[in-house]
Amino acid sequence: MDSPGEPRWLDVEEQQNWYALAYALIRLPAALDAQMQRDAGISHFEYLVLSGLSLMPDHTQRMSDLAIYTASTLSRLSNVVIRLEKRGWLRRTPDPTDGRYTLAILTEEGRAKVAASAPAHVNEVRRLVFDPLTKAQQQQMGRIAQRILKAIDPDTPRIEDCIPDAAPPLNGA
């Protein structure tokens, strides 16, 4: 058994698994961002903001909740929202129920952008993530990701709690 000060070194199989995951964590966001830039002229993060709002009732969400949904800081989100607002794809307004919060609201133009961008995005997600896996592996991937997220932050909300049950497919509908 390792002494308290000694690291629990990874064995060969663990190293291989770790490097495969780490490399995928670097390559997948870059591939998705390249696809969004090429096909929609926006970053993957900008698409996440717009599509996240498209899933919400009334296409509206508090900025603080949107930051959680996009795994972003409020500062980063605010910078992106300003750009999206300039393009007419969303607008911000104080929350009428609590003025300390700001709401992000997807505009009709923003809904149209999501609808136009979603087909190519979902095809790329399917091609890169789902098609190489069996249904059982896909389900296992989701459970594994949730466990890793909980290890990173025990207060991480479950993904099911971040996306409404009645959310339409990411097609802007």
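Data for the structure
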read-out	value
Calculated [θ] (222 nm, deg cm²/dmol) that DSSP helices of n ≥ 4 give over the chain, each run adding -39,500 (n - 2.57)	-19000 deg cm²/dmol
Separation of the I144 and Y23 label points, Cα + 7 Å toward Cβ, nm	1.5 nm
Cβ crowding within 10 Å averaged over residues, with 32-38, 52-58 ranked highest first	52-58, 32-38
Charge-dipole axis of the chain as Lys and Arg at +1 and Asp and Glu at -1 on Cβ define it, positive-most pick from G88, L103, N123	G88
Euclidean distance between Cα centres, segment 122-163 to segment 60-74, Å	19 Å
Shape call, segment 29-162: gyration tensor on alpha carbons, a/c limit 1.5	oblate
Segment 1-54, dipole about Cα centre (Lys/Arg Cβ +1, Asp/Glu Cβ -1), debye to the nearest 20	300 debye
The chain, relative contact order [Cα under 8 Å, separation at least 6], %	23 percent
Nearby lysines by direct alpha-carbon distance to K113 (threshold 18 angstrom, same-chain neighbours under 8 apart not counted)	K86
Net charge dipole size for the chain [Lys, Arg +1 and Asp, Glu -1 on Cβ; Debye, nearest 20]	540 debye
C-alpha long axis of helix 135-152 to longest principal axis of the chain, angle in °	90 degrees
Nearest 10 degrees, 0 to 90: helix 44-55 Cα axis against the chain principal axis	60 degrees
Full-extension gain in nm, A120 to V12, via 0.36 nm per residue minus C-alpha separation	35.1 nm
Folded to 0 to 90 degrees: helix 108-125 orientation relative to the chain principal axis, Cα	20 degrees
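None of the figures in this text is laboratory data; all of them are computed from the coordinates on show. Everything quoted here is computed from the prediction, not taken from an experiment. In this analysis, Cβ positions are derived from the backbone assuming ideal geometry, glycine residues included, and neighbour counts consider all displayed protein chains.
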